[in-house]
Structure formats: structure tokens, C-alpha cells
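> Below you'll find the structure I mean.
The values are calculated or read from the model by the stated rules, or taken from the named source; none is laboratory data. Remember, predicted model here, so these are calculated numbers, not experimental data. No Cβ is skipped: glycine too gets one built from the backbone with ideal geometry, and neighbour counts run over all protein chains shown. The area values use the complete protein model at the heavy-atom level, side chains included, leaving out ligands, DNA and RNA. Shrake-Rupley method; radii C 1.70, N 1.55, O 1.52, S 1.80 Å.
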Amino acid sequence: MTSPDLPAELRAALNTRLEGRSRSDAAGRAAVISQTYREGGGSGTIRTETDALAYALARMPATYAAVVASLNALTEIRPDFAPASLLDVGAGPGTATWAAAETFTSLKGFTLLDANGALRTLAEGLFHGSIRLHDASYQLGQARALLDKAAPADLVVASYMIGELGEAERAALADALWSKTGDTLLVVEPGTPAGYARIIALRARLIATGAHVTAPCHMTAAARWWRQTGAISRSACNAHARTSRSRAPMPRSRTSASPMSR
């Protein structure tokens with residue numbers, strides 16, 4: 001099982017970028033960005049290197065832990081799954097790519113897509129010292145347009161990004177994501193009622209096209225279902241992620257996720 005803690009080389013890379021900066025200023029900006037996300041905003045407020053770093057400090061630990069929990073659940077159910085290629089859509093600072101790289105030693109090719117230039121710059125800086133990720137391809141632009149040109153990948157991940165789209169855009173993106181999925185698609189969203197509803201809608205759409213649910217990921221909204229059926233470990237789809245800023249413990253973050261396979 002992969003640890004939910006950020007890898008040592010990623011922590012070191014983040015600390016390097018904090019050198020010479022005011023940690024209190026970064027923490028203050030991180031609080032503003034977190035509030036923006038809680039109010040339903042997206043990454044559009046992240047415009048500078050400082051913004052991107054503050055975002056990473058605020059959200060990367062919990063996001064990483066959530067994606068790792070979902071990938072660990074996938075490996076429990078499919079221990080033979082050994083993807084060679086990853087497509088990370090809405091990649092931000094590359095959090096899901098780091099999680100996938102730690103989980104699957106089989107991965108050789110890493111492609112990331114995102115429209116935010118500041119987050120791309122940060123991600124590429126964090127990848128620079130990584131043995132496995134320094135050659136990752138990070139393409140800048142709108143996800144839907146980039147997906148049309150992207151090569152299929154064994155594992156496609158879209159974490160915390162479909163919530164920034166309208167309903168029609170989400171439906172089109174779901175189809176595009178699935179068209180590029182060679183084996184498995186993992187979509188991760190917040191464990192809120194709205195996040196859960198987005199996961200269920202996407203899953204229903206893909207099932208109608210022939211996708212198979214790798215695990216019954218009803219998540220937090222269906223905790224009672226887990227207890228009643230005992231069909232699979234509740235932890236497989238109810239990912240509780242701990243994040244920390246400085247030395248102070250932060251509240252747990254609940255996550256909704258759905259792995260779909262061909």
C-alpha cells in the first residue's frame with residue numbers, strides 16, 4: 001500500500017521553493033485560495049508563482065492522500081493492474097501524477113493537461129529533480145481541446161476538476177476521458193453531496209457506453225450501504241485524507257471517487 005504522505009522528494013522540492021519566502025504570507029494566500037474553493041470557485045484565481053505555491057501548500061497534501069487512497073483501493077481489487085502510461089487531466093501542480101507514480105512502478109509515460117500556466121510552471125519545477133517524472137509531458141490548454149489530440153493511456157485520472165465545469169461540459173468531458181482510457185479511468189471529487197452527485201452522473205453515463213465499475217464507489221453519501229451490504233471494504237471508496245499546514249493538524253477531507261474499467 002502506498003503511504004498517504006507526500007513523497008520525500010516532493011516535500012523537499014516544495015521546501016526548496018519556500019526558501020526566501022515569507023511562510024506567513026504563503027499561508028495567508030493559501031487560506032484565501034482554500035476559501036475560494038470552499039465557495040465553489042476554481043483555479044482561475046491562481047495567476048502567479050506565489051499563488052501556485054500557496055495552492056500547493058493548502059491543497060496538495062489532502063489531494064495527494066485522497067488520490068492515493070483511491071489508487072490503493074484499485075490495487076486491492078486489481079492487484080495485477082500494471083499501467084505503463086498515465087494521462088492526468090486537470091493536473092494542477094501534478095498531485096495525481098505523483099500519487100500514481102508512487103503507486104505504480106510500472107508507469108513509464110506521464111502526460112499532464114491543464115489550462116493554468118502558473119500551476120504548470122510549479123509542477124514542472126517540482127518534477128525537475130525527480131528521477132521518474134523529470135521527463136513528464138505537461139501540455140497547457142483547455143482539457144477538452146487537448147484531449148482530442150492526446151494519445152490514449154492505460155490509466156486516466158481526473159481529480160478535483162469536473163466540478164469546475166457546467167453540466168453539458170461535464171458530459172462532453174466524460175465522453176472524451178473515456179475515449180482516451182485504455183484500461184481504467186479514475187475520477188476523484190470532493191465528498192460533498194454535489195461532488196457525490198457529479199460522480200454518480202458521470203458513472204451512469206459511462207456505464208451506458210459499456211464501462212465497468214471497478215468498485216462500487218458510493219463514498220460518504222452511501223455509508224449506510226457499505227455497512228448493510230458488506231460487499232467491499234468501506235475504505236475502498238471512502239477516502240479520508242489528512243492534511244497538515246506547518247505542524248497544526250487540519251480537518252479530515254472526505255472524497256468521492258469512481259474507478260471505471262474497460
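> State the extension gain, in nm to one decimal, for the chain segment bounded by M1 and Q142, taking 0.36 nm per residue of separation less the distance between their alpha-carbons.
47.4 nm
> Once you place label points 7 Å from the Cα toward the Cβ at I131 and A31, how far apart are they in nm?
In this crude label model, I131 to A31 measures out at 4.0 nm.
> Skip the ligands, DNA and RNA, and give the accessible area per residue of the stretch 164-219 with a 1.4 Å probe, whole Å².
That works out to 41 Å² for each residue.
> Net charge near A82: determine it from the other residues with C-beta under 12 Å of the C-beta of A82, scoring Lys and Arg +1 and Asp and Glu -1.
-1
> Roughly how many whole Å is it from the C-alpha centroid of the stretch 164-184 to that of the stretch 85-153?
Taking the Cα centre of the stretch 85-153 as reference, the centre of the stretch 164-184 is 17 Å away.
> Give me the net charge for the shell around D154: Cβ to Cβ below 11 angstrom, other residues only, Lys and Arg +1, Asp and Glu -1.
Residues close to D154 contribute a combined charge of +2.
> Probe radius 1.4 Å, ligands and nucleic acids ignored: give me the carbon and sulfur share of the accessible area of the stretch 50-199 as a rounded percent.
52
> Using the heavy atoms of the protein chains and a 1.4 angstrom probe, tell me the accessible area per residue for the stretch 33-117 in square angstrom.
Computed with neighbouring chains in place, this is 33 Å² per residue.
> Full extension from H212 to S179: what is 0.36 nm times the residue separation minus their Cα-Cα distance, to one decimal in nm? Before the final figure, lay out the partial values.
Details: separation 33, 0.36 × 33 = 11.88 nm, distance 1.41 nm.
Stretched out fully, the H212 to S179 stretch lengthens by 10.5 nm.
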